[in-house]
Amino acid sequence: EDKVVQSPLSLVVHEGDTVTLNCSYEVTNFRSLLWYKQEKKAPTFLFMLTSSGIEKKSGRLSSILDKKELFSILNITATQTGDSAVYLCAVPSGGSNYKLTFGKGTLLTVNP
Amino acid sequence: NAGVMQNPRHLVRRRGQEARLRCSPMKGHSHVYWYRQLPEEGLKFMVYLQKENIIDESGMPKERFSAEFPKEGPSILRIQQVVRGDSAAYFCASSPPTREAHTFGSGTRLTVV
């Protein structure tokens with residue numbers, strides 16, 4: 001069965017800190033890995049990664065994929081209170097490009 | 001661009017009643033997905049639909065749950081004879097045909113009392 005494991009499950013930091021969130025996966029016929037940010041409402045798309053070693057960057061957020069070791073990391077630099085959210089990692093599973101298997105998420109709390 | 005619209009945002013049902021959850025995909029998206037998020041659990045895939053077709057319902061419970069996406073109107077997730085264990089957040093997502101990056105709605109929080 002396809003599996004996505006995220007760590008840590010929760011994390012509390014102070015504004016300005018840098019955080020690294022981890023996602024490991026086991027999936028048949030890997031296609032891509034996706035990161036989402038979930039505040040109180042809809043998960044919002046952050047990144048989709050398909051190739052190893054190529055960093056995707058958006059402002060203070062960046063992510064990279066290692067297809068050999070089957071994991072991805074999401075980095076957030078100079079954290080702000082608005083970064084507080086649950087960060088979700090997902091992979092399309094079962095050989096499909098639509099059935100996403102999600103991890104349980106990392107709850108990030110950024111204190112002022 | 002209104003995004004994926006779900007309603008209602010919150011729904012309370014007594015055990016044994018029916019729950020109907022609605023989802024209108026983003027403009028231009030023809031593919032709809034439903035996911036369920038139980039407390040302390042990750043999002044779980046339920047069903048994938050295109051207009052008038054169920055493509056994959058492998059994540060749907062075998063009984064009491066059904067979904068449709070008619071030619072006109074929103075997609076509907078229907079839960080008959082709800083039980084307490086159905087209490088969860090139900091998220092709808094949509095995509096164009098070639099995208100894996102689903103766009104999610106804000107969810108419907110179903111509480112069964």
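Taking every pair of alpha-carbon atoms in segment A:32-78, give the share separated by more than 17 Å as a whole percent.
Within segment A:32-78, distances greater than 17 Å cover 34 percent of Cα pairs.
For chain B, what is the relative contact order in percent, using Cα pairs closer than 8 Å and at least 6 residues apart in sequence?
Averaging sequence separation for qualifying contacts and normalising by length gives 37 percent for chain B.
Could you tell me how far the Cα centroid of segment B:17-67 sits from the Cα centroid of segment A:15-36, in Å?
24
Starting from the Kirkwood radius over alpha-carbon pairs of chain A, derive D by Stokes-Einstein at 10 °C in a medium of 1.306 mPa s and give it in µm² s⁻¹.
In µm²/s, the coefficient rounds to 113.
Of all DSSP beta bridges in chain A, what percent run antiparallel (nearest 5)?
The antiparallel proportion sits near 90 percent.
Using modelled amide H (1.01 Å from N, peptide plane; none on Pro or chain starts), what sits under 5 Å from the amide H of B:GLY3, excluding residues fewer than 5 places away?
Here B:LYS27 satisfy the definition.
Could you tell me the calculated FRET efficiency between A:VAL5 and A:THR109, based on Cβ-Cβ distance and R0 = 22 angstrom, to the nearest 0.05?
The formula returns an efficiency of 0.60 here.
Along the positive direction of the dipole of the protein assembly as shown (beta-carbon charges: Lys, Arg +1; Asp, Glu -1; about the Cα centre), which of B:TRP34, A:SER58, A:ASN75 reaches farthest?
Among B:TRP34, A:SER58, A:ASN75, the one farthest towards the positive end of the dipole of the protein assembly as shown is B:TRP34.
Per residue in segment B:87-103, which ones lose no less than 20 Å² of accessible surface when going from chain alone to all protein chains (1.4 Å probe)?
So the qualifying set is B:PHE91, B:GLU100, B:ALA101, B:HIS102.
Could you give each residue of segment A:19-24 its phi-based ³J(HN,Hα) in whole Hz, using Karplus coefficients 6.51, -1.76, 1.60 with θ = phi - 60°, and x for Gly or Pro?
My calculation for segment A:19-24 gives 10, 10, 10, 10, 9, 10 Hz in order.
Set the bar at 25 Å for Cα to Cα. Now go through A:LYS37/B:LYS51; A:LYS67/A:LYS104; A:LYS37/B:LYS62; A:LYS3/A:LYS56; A:LYS41/B:LYS62 and name every pair that lies beyond it.
On the way: A:LYS37/B:LYS51 28 Å; A:LYS67/A:LYS104 21 Å; A:LYS37/B:LYS62 31 Å; A:LYS3/A:LYS56 23 Å; A:LYS41/B:LYS62 28 Å.
As for pairs spanning more than 25 Å Cα to Cα, those are A:LYS37/B:LYS51; A:LYS37/B:LYS62; A:LYS41/B:LYS62.
If packing is taken as the mean number of other Cβ atoms within 10 Å per residue, what is the order of A:61-67, B:104-110, highest first?
Going by the mean number of other Cβ atoms within 10 Å, highest first, we get B:104-110, A:61-67.
To the nearest 20 Debye, how big is the dipole of the protein assembly as shown about its Cα centre, given +1 on the beta carbon of each Lys and Arg and -1 on that of each Asp and Glu?
Charge dipole, the protein assembly as shown, about its Cα centre: 700 debye, nearest 20.
Would you work out what percent of the accessible area of chain B, with all protein chains in place, is carbon or sulfur (probe 1.4 Å)? Don't skip to the answer; put the middle values down first.
On the way: 2620 of 5780 Å².
So the carbon and sulfur contribution to the accessible surface is 45 percent.
Please compute the net charge surrounding B:GLY16, taking Lys and Arg as +1 and Asp and Glu as -1 over other residues with Cβ under 12 Å from its Cβ.
Net charge in that neighbourhood comes out at +3.
Evaluate the charge dipole of chain B about its Cα centre and quote only its size in Debye, nearest 20, assuming +1 on the Cβ of each Lys and Arg and -1 on the Cβ of each Asp and Glu.
420
Could you sort the residues of segment A:85-99 by number and keep only those whose accessible area is reduced by 10 Å² or more in the all-protein-chain setting relative to the chain alone, 1.4 Å probe?
For segment A:85-99, once contacts with the other chains are taken into account, A:LEU88, A:ASN97, A:TYR98, A:LYS99 lose 10 Å² or more.
Give me D for segment B:1-60 in µm² s⁻¹, whole number, from Stokes-Einstein with Rh from the Kirkwood sum over alpha-carbon pairs, 4 °C and 1.567 mPa s. Write down the numbers at each step before the final one.
On the way: Rh = 13.3 Å.
The calculation lands on 97 µm²/s.
Quick one: compute the contact order of chain A, relative version, from alpha carbon pairs under 8 angstrom and 6+ residues apart, as a percent.
37
Taking 8 Å as the Cα distance limit and 6 or more residues as the minimum spacing, I'd like the relative contact order of segment B:48-95 as a percentage.
Relative contact order comes out at 27 percent.
Using 1/(1 + (r/R0)^6) with R0 = 25 angstrom and r between the beta carbons of B:LYS51 and B:THR111, what's the FRET efficiency to the nearest 0.05? Before the final figure, lay out each step's value.
Values: r = 31 Å, r/R0 = 1.23.
Between B:LYS51 and B:THR111 the formula returns 0.20.
Counting other Cβ atoms within 10 Å of each Cβ, which GluC sites (Glu not before Pro) in segment A:18-82 have at most 13 and sit in a DSSP loop?
Values: sites: A:GLU26, A:GLU39, A:GLU55, A:GLU69; in loops: A:GLU39, A:GLU55, A:GLU69.
When the GluC sites (Glu not before Pro) of segment A:18-82 are filtered for loop state and at most 13 Cβ neighbours within 10 Å, A:GLU39, A:GLU55, A:GLU69 remain.
At most 14 other Cβ atoms within 10 Å plus a DSSP loop assignment makes a site exposed; report the longest stretch of chain B without any exposed GluC sites (Glu not before Pro).
B:73-113
Give the long-range amide H neighbours of B:SER87: residues separated by 5 or more places, or on another chain, with amide H under 5 Å away, using H modelled in the peptide plane at 1.01 Å from N.
Those qualifying (amide H under 5 Å, at least 5 residues apart or on another chain) are B:VAL112.
The values are calculated or read from the model by the stated rules, or taken from the named source; none is laboratory data. All values derive from a computational prediction rather than experimental measurement. Virtual Cβ from ideal backbone geometry, glycine too; neighbours counted across all protein chains shown. What goes into the accessible areas is simple: the full protein's heavy atoms, side chains included, and nothing from ligands, DNA or RNA. Shrake-Rupley method; radii C 1.70, N 1.55, O 1.52, S 1.80 Å.
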